[in-house]
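Quick one: the structure is below, questions incoming.
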Amino acid sequence: MRSPAELDQADPLARFRAEFFLPAGQIYLDGNSLGPLSRRAEAHLQRVLGEWRTLGIGGWTDAAPPWITLSEAVAAQVAPLVGATPDEIAVTGSTTANLHQLLATLFDPAGPRKVVIADELNFSSDLHALHSHLHQRGLDPARHLRLIRSRDGRTLHPDDIVAAFTPDVQLAVLPAVQFVSGQLLDVAILTREAHARGVIIGWDCSHSIGAVPHTLGRDGADFAFWCHYKYLNAGPGAVGGLYLNRRHLGRAPGLAGWWGVRPDRRFALAAPHEPAPDASALYVGTPHLLSLAPLLGSLEIIAEAGGVPALRAKSLALTSFLMELADRELAGLGFTIANPRAGHERGGHVALAHPEAWRICQALKAAGVVPDFRRPDIIRLAPAPLFNTFADCAAAIARLQVIVRTAAHEKFPAQRALVT
Ligand SMILES: Cc1ncc(COP(=O)(O)O)c(C=O)c1O
């Protein structure tokens, strides 16, 4: 095993660490929850604030680039991250709001197939959206929302997913990367299997965008949605994104608003709604300029770093190193690796399971490493390729070892307060 120093020295992305503001004295392994601020993101935000200060409303047309087409400009840069063409992308809303919009646009409650499937491990907000959408469309979520069960409580078996594509299913929503175990599903194969059974399929890419290269267009996925505040470091609550496969372009948006009108008719301010011919038909209202701006900085950095394939190569090296160290240094201390080990089955984080995970997370934070905890027993460690080092991984595992060996975690409360 090479030393962390040797690995860091050979790291072609090492220079990007200096682009980020990392919390002083801490090893930040939580970029899969909230990515840190970069100098570039800050500069773009400051620039837009300056334009607002000096141009006022004139910023819509006279800023550089003009605010009025900024979402489309950003969409063009996001498109390669998911393997789409720019006209299939809208940069807007939040993850959950985008799922609502896609369901409202694509799901047909009058069709012969009325069931929507997701999985029981899916992020709560996606399930809330599915539940409420069915309810709003006059269907009974108890009958029409079906959840694929997990065999082990952590991962989904591809056979169980395919078996769920039954003739009464119209639409499926699955995570590209499962947010707790980090399991990476095979988007291409599952999309093909869904289509072979007449099922429309969409992907929650919140935990994969910027971490795992996607080829949504080539895979034929019907739709996808995601946030930009995790591996894309666009800031807390940053604007989200959605993908609508070109075979669905030209549809009327389920949730219509003036920003989804054909750009040349938008300021006609007239009914009826004339939808834009591409995914921008799914915009609803005025773009979120101040949360778009930081994303420009993040996208610049990713392009300079060689795109997502370059990030993925380092991410796999970091997570492999972390797992090797965990196997060696944490043996006998009650940890198990809960993410799939194979590179093609894991996303950007390592999930360590431990019966005392919550207390250990608190102790690790107190020891200067920022992980996060997911119920019931997972410590997520996400070494992000743009700013984490192999030395960060080694330090995190060394501190975990000391914590459990010395029972340092036992000083911390065993129960997590519900609000956090
Ligand atoms: C996998 C996944 N889906 C959906 C969401 C909800 O995102 P938002 O709050 O942007 O709607 C999150 C938030 O962390 C998430 O991790």
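The values are calculated or read from the model by the stated rules, or taken from the named source; none is laboratory data. Just so we're clear, the structure is a prediction, and the values are computed from it rather than from any experiment. Cβ sites come from the backbone with ideal geometry, for glycine too, and all protein chains shown count toward neighbours. Remember, those area values only see protein heavy atoms, side chains included, never the ligands or the DNA or RNA. Shrake-Rupley method; radii C 1.70, N 1.55, O 1.52, S 1.80 Å.
Taking the condition of being within 14 Å of the ligand (Cβ to nearest atom) and buried (at least 24 other Cβ atoms within 10 Å of the Cβ), how many residues in the range 87-102 meet it?
6
Given the criterion open to solvent by less than 20 Å² (accessible area, probe 1.4 Å) and among the charged types (D, E, K, R), identify the matching residue among D160, D126.
Being open to solvent by less than 20 Å² (accessible area, probe 1.4 Å) and among the charged types (D, E, K, R) holds for just one of D160, D126, which is D126.
Here's a follow-up. What is the residue count in the range 364-407 for residues that are buried (at least 23 other Cβ atoms within 10 Å of the Cβ) and part of a strand (DSSP E or B)?
Selection size over the range 364-407: 6.
Out of the residues in the range 170-198 meeting the condition of being away from the ligand (no atom under 16 Å from the Cβ) and touching a residue at least 40 places away in the same chain (Cβ under 8 Å), tell me which one is most open to solvent (accessible area, probe 1.4 Å).
Restricting to residues being away from the ligand (no atom under 16 Å from the Cβ) and touching a residue at least 40 places away in the same chain (Cβ under 8 Å), the top hit is D186.
Of the residues that make up the range 64-86, is at least one within 16 Å of the ligand (Cβ to nearest atom) and among the aliphatic types (A, V, I, L, M)?
For the range 64-86, residues within 16 Å of the ligand (Cβ to nearest atom) and among the aliphatic types (A, V, I, L, M): present.
Is there any pair linking a residue in the range 320-344 that is in contact (Cβ under 8 Å) with a residue 40 or more places away in the chain and under 22 Å from D152 (Cα atoms) to one that is open to solvent by less than 40 Å² (accessible area, probe 1.4 Å) and among the polar types (S, T, N, Q), with Cβ under 7 Å and at least six apart or on different chains, and which?
Between residues of the range 320-344 that are in contact (Cβ under 8 Å) with a residue 40 or more places away in the chain and under 22 Å from D152 (Cα atoms) and residues that are open to solvent by less than 40 Å² (accessible area, probe 1.4 Å) and among the polar types (S, T, N, Q), the close pairs are L333/Q401; A338/S181; N339/S181; N339/Q183; P340/T155; P340/Q183.
Considering only residues of the range 254-269 that are open to solvent by less than 60 Å² (accessible area, probe 1.4 Å) and assigned to a helix (DSSP H, G or I), which is farthest from T286 (Cα to Cα)?
The residue in question is A268.
Check the range 234-247 and report whether any residue there is open to solvent by 40 Å² or more (accessible area, probe 1.4 Å), over 30 Å from A14 (Cβ atoms) and touching an Asp or Glu at 6+ places or on another chain (Cβ under 9 Å).
Checked against the condition, which is being open to solvent by 40 Å² or more (accessible area, probe 1.4 Å), over 30 Å from A14 (Cβ atoms) and touching an Asp or Glu at 6+ places or on another chain (Cβ under 9 Å), the range 234-247 yields at least one hit.
Step by step: first the residues of the range 1-35, then only those that are part of a helix (DSSP H, G or I) and within 17 Å of A396 (Cα to Cα), then the one that is farthest from the chain's Cα centre (by Cα). Which residue is that?
A5
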